[in-house]
Amino acid sequence: MEVLASASWPGNVRELENFIERAVILTQGNELNVPIAELKNRMPAPRTVSLSTFHDAERQAILEALKAASGRIAGAEGAAERLGLRRTTLQNKMRRLNISRGDWSQPTDKITPVA
């Protein structure tokens with residue numbers, strides 16, 4: 001059961017169902033014989049993507065869209081349109097990811113007058 005539960009099932013429940021059905025058909029007697037060798041090849045690969053990596057990628061995509069849109073969030077050619085999001089969805093994501101104007105706007109050189 002442990003091997004069945006930890007195996008990778010890319011076809012989801014249907015693939016698991018087909019595997020069990022095949023095991024039932026091939027089993028002789030009252031005890032289900034599961035071909036463990038087949039399952040060993042299905043063990044999941046270790047996860048390498050972390051939640052912070054996803055947030056970093058999402059944050060970077062939003063910043064790039066904002067830069068390309070010259071800071072415009074909504075409207076034609078705005079960042080929301082470029083990302084395929086509603087304006088409010090983009091604003092919520094920006095708030096959640098702590099994205100502010102300073103993150104995408106270029107600092108302007110200010111000339112201080114000499115008196």
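The values are calculated or read from the model by the stated rules, or taken from the named source; none is laboratory data. What you see is a predicted model; the values in this text were computed from it and never measured. Cβ atoms come from the backbone with ideal geometry, glycine included; neighbour counts cover every protein chain shown.
List of remarks:
- Wholly enclosed helices (runs of 4 or more DSSP H) of segment 32-114 bearing at least 2 residues modelled with pLDDT under 85 and either over 30 Å from Met1 (Cβ atoms) or among the aliphatic types (A, V, I, L, M) (or both): 36-40, 51-68, 101-104
- Leading residue by the ranking (nearest to Arg101 (Cα to Cα)) among those in segment 58-89 that are small (Gly, Ala, Ser) and over 21 Å from the mean Cα position of the chain (by Cα): Gly71
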